[in-house]
Amino acid sequence: MTTEPDARRRAVPRTLADELRSRPDEALAELLRARPDLLSPIPSDLTQLATRAGARTSVLRALERLDRFALQVAEALAVAPDPCPYETLAGLLPGGEGELPRALDLLRERALVWGGDDRLRLVRTARELLTPSADRPSPTGLGPTLAEATSGMSPGRLQEILTAAGLPTTHDPVSALAALTALFTDRERMAALVEEAPEEARATLAKLTWGPPYGEVSERPSPPIRWLLDRGLLLPVGSRTVVLPREVALHLREGRAHRRLEPLPPALEPARTHTRRSVDAAAAGQALAALTVVEELLTSWGTASGAPPVLRAGGLGVRDLKRTAVALDVPEPVAAFWIELAYAAGLLASDGEADERYAPTPAYDEWLERPPERRWARLAGAWLAATRLAGLVGERDTRGRALNALGPGLDRGPAPELRRRVLRLLAECARGDGQDGEDGEVAAPDADAVVARLDWECPLRAGGEARARIVRWTLREAELLGVTGRGALASHARPLLEAGAGAETALEHGAREALGADVPDADVPSAAEEAAASRLAPLLPEPLDHVLLQADLTAVAPGPLRRPLAETLHVLADVESKGGATVYRFTPQSVRRALDAGRTASDLHAFLAAHSRTPVPQPLTYLIDDVARRHGRLRVGAAGSYVRCDDETLPAEIAADRRAAGLGLRLLAPTVLAAQVDPGTLLERLRSMGYAPAAESADGDVVIHRSDTLRTPPRTAPEPVPDGPPRPDRPLLAAAVRAIRAGDLAAGAPDRPGRSVPVVPEGRPPRTTAADTLAVLRAAVRTGTPVWIGHVDADGTADHRVIEPVRVEGGLVTAYDHAAEEVRAYPLHRITGAAELADADGD
């Protein structure tokens, strides 16, 4: 239940704490949502909240999240009188009057500005950060005020300036300074004074008008400079340094605090315009291509020979990245993106063995069993939330060390927020949302326009070239992944943006309830991913169960293939080209690969006959039979290593072959050769000589090699590096505001009449099982009802409490404790029982 501030606190606030007390609970919750660092830990009362809101680190973070015009308003307040009337502030920002109320509301909401329109006050820390000094120039380019610049000046020198400026002398420095200030702020008198200045002096003033306001002069200033110094239009701040007073600069600027005011964001001019159907079709095609590339990557890394080693310092070696790029037929930066994406989705990890290697995780096999649209949604969701930037691969860190794929140093906290904002800007360019068959126009803005827009929205945050690079990487990666098509946002990507980052929706919670309490988050599709998958599904073609065999030993797949067919075909043939149709080529090596995997010639003939819409070409039949006839005649096993063959002539032929000279072969028997190399090397050399040997086990059986045998132990996806405190959800905000209000009332009004609190039953709460306790607490989170719990603290002392649960996760229940009047976290294993209560009035 909310607690309204009393009437006396609705008077004109004297401090920021008073102003916060006058706010309704919804406004306090909005402040905590916009500045989540204020919640760590939850303030005990509103005075502590106001103190924390004025802390330097918190104010810096709040300033970083202001748009350019709101920041310009704050900068104007920093150089304006304190307090500043609204009319004075508007005079410093000519041309921005229409947007000024919005900017002030934002600054008030973030607790950076407080007070009524007649007495606007910038928080002291923000004023200090934005106020100019000799070593920290103002963003406005304005210098110190006349009072600040003359603080150490002798009274006699002030009287000399008055006389030179044509003003009567005074009896004290205070009145002299007031007279000079009145002159410099009077438009007509100041214009007449500047008109009298020599032309060189006016040129000097023009150079300093828009900043920086400091200049260097010689030990003996020239007559024009001396003219300005005599009249106080320039004031000395060092032996050879002068400054233009703020009042003089504002006159020369005609009262403007900024040279260029930017009240509105730059428009996102479309570079190209497409129909939504064409955009969605292009994005869906690219989504299928993305799934194919990820499968190829993890299939190649899922074998003992293909799994790349982990560098000693962590990450993937440069040579392995190049090899992977060649295998995927993509540039190295693109290969690094696919590798990092698979890692972010939890499909790839290191195996943790002594000779550590990267390999697919067990989650990859589960991922393969999902429909294509759900597989894509998993990848897109992981990409949006990832803080690792593949674009940094190949660069060097601040210590000069190379940044490798899958290695340390690639995390950048602001990346997820920037990605989402870039995609939301693309969404704003569209007309219509593409639902119900709507085929509106979709605009694709230029990358430079997106960069300029983000520079306006958060000029201080991750600024400069770093942000521009992340924006360009985002646009490129979104196109590769099928989030965008032809540079515009696809309709199936919209649900991913509509979900709040890190927020658990009702659908997600329901899915976890159905699957059980111990199901990892990564195994439960989010509601956004489910919605994105449902939109993508109609855009994807149905997988095919056939190919077209051709006489040139190729097979054409006119579309995506069903998984069993695709897996077998990848073993039996090599991919020759990709695109709308995939071309596979049959070679002796590829057929041998299928035979090594345990297939027989008859199996291969039957497979091709069952899945080809064209007759099986005779050359392909001959190829399979020929390779099968020779396959396994030679057997290679481990003894040092040996070669065994039923045909007595073949071992003798190999022993006499000059190409086998480096193998150290020796004929032990007419059908057995011994070698001085390991079995793997012997197999590879014999195959390069044109033979088709098979590996043999210690029992004499042919060893069957399968491509999916290498997997890591179960691994979780890497956690994104947080960019500051996480955004609190609505229940936690409500509980935090209630705790802060309670602490504030306890400090000022102990009796607190009129509060509504739950009635606590007599005795002890019932003992419940762990499952029943969890069910009661989760139900209370959804309904917002109070719960009566039994609790045992770390010392073994048992008590009972009334709490209102906010969330249940990680073995803890976070709840508002009515007795302590604060938000606390209780370990679930210390709760002995739980029962729901009904609200009632009580003391």
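The values are calculated or read from the model by the stated rules, or taken from the named source; none is laboratory data. What you see is a predicted model, and the numbers here were worked out from it, not measured in a lab. Don't worry about glycine lacking a Cβ; one is built from the backbone with ideal geometry, like all the others, and counts go over all protein chains shown.
Structural remarks
- In segment 32-40 there is at least one residue matching the filter, namely being surrounded by fewer than 17 Cβ atoms within 10 Å (Cβ to Cβ), modelled with pLDDT under 90 and over 30 Å from residue 244 (Cα atoms).
- Tally, over segment 10-47, of residues that are in contact with a Pro (Cβ under 7 Å, 6 or more places away or on another chain) and in a helix (DSSP H, G or I): 7
- Residue 744 passes every criterion in (1) closer than 30 Å to residue 299 by Cβ; (2) crowded, with 20+ Cβ neighbours inside 10 Å; (3) modelled with pLDDT under 85 apart from (1).
So that you can scan it fast, the table gives a plain yes or no per residue for (1) touching a strand residue (DSSP E or B) at 6+ places or on another chain (Cβ under 7 Å); (2) crowded, with 17+ Cβ neighbours inside 10 Å:
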| position | (1), (2) |
| --- | --- |
| 144 | yes, yes |
| 151 | no, no |
| 158 | no, yes |
| 163 | no, no |
| 166 | no, no |
| 169 | no, no |
| 179 | no, yes |
| 183 | no, yes |
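- Set side by side, the residues 98, 91, 143 differ, and just one is under 18 Å from residue 211 (Cβ atoms) and in contact (Cβ under 8 Å) with a residue 60 or more places away in the chain, which is 143.
- The numbered conditions (1) modelled with pLDDT of 90 or more; (2) closer than 30 Å to residue 187 by Cβ are all true for residue 97 except (1).
- Among the residues of segment 354-382, those identified as over 24 Å from residue 493 (Cβ atoms) and aliphatic (A, V, I, L, M) are 354, 359.
- Against the criterion of being within 19 Å of residue 128 (Cβ to Cβ) and free of Cβ contacts under 8 Å to residues at least 24 places away in the same chain, residue 81 qualifies.
- Any pair with Cβ under 6 angstrom, 6 or more apart, that starts in segment 441-458 at a residue that is over 19 Å from residue 73 (Cβ atoms) and ends at one that is in a helix (DSSP H, G or I) and among the basic types (Lys, Arg): 442/276; 447/472
- Selected residue [of a type outside the set (Lys, Arg), in contact (Cβ under 8 Å) with a residue 24 or more places away in the chain and either in a strand (DSSP E or B) or touching a helix residue (DSSP H, G or I) at 6+ places or on another chain (Cβ under 6 Å) (or both)] from 282, 336, 313: 336
- Here 201, 257, 192, 289 are screened, and the one residue that is at pLDDT 90 or above and within 28 Å of the chain's Cα centre (by Cα) is 289.
- Residue within segment 218-235 that is under 18 Å from residue 140 (Cβ atoms) and surrounded by 19 or more Cβ atoms within 10 Å (Cβ to Cβ) present: no
Here is a yes/no grid of residues against (1) modelled with pLDDT of 80 or more; (2) over 34 Å from the mean Cα position of the chain (by Cα); (3) under 25 Å from residue 784 (Cβ atoms):
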{"site": "11", "(1), (2), (3)": "no, yes, no"}
{"site": "15", "(1), (2), (3)": "yes, yes, no"}
{"site": "23", "(1), (2), (3)": "yes, no, yes"}
{"site": "42", "(1), (2), (3)": "yes, no, yes"}
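- Members of segment 612-648 that are β-branched (Val, Ile, Thr) and touching a Pro at 6+ places or on another chain (Cβ under 9 Å): 627, 636, 643
- When segment 602-625 is limited to residues that are of a type in the set (S, T, N, Q) and surrounded by 12 or more Cβ atoms within 10 Å (Cβ to Cβ), the one that is nearest to residue 588 (Cα to Cα) turns out to be 621.
- Test for residue 67: is it at pLDDT 90 or above and touching a Cys at 6+ places or on another chain (Cβ under 8 Å): yes
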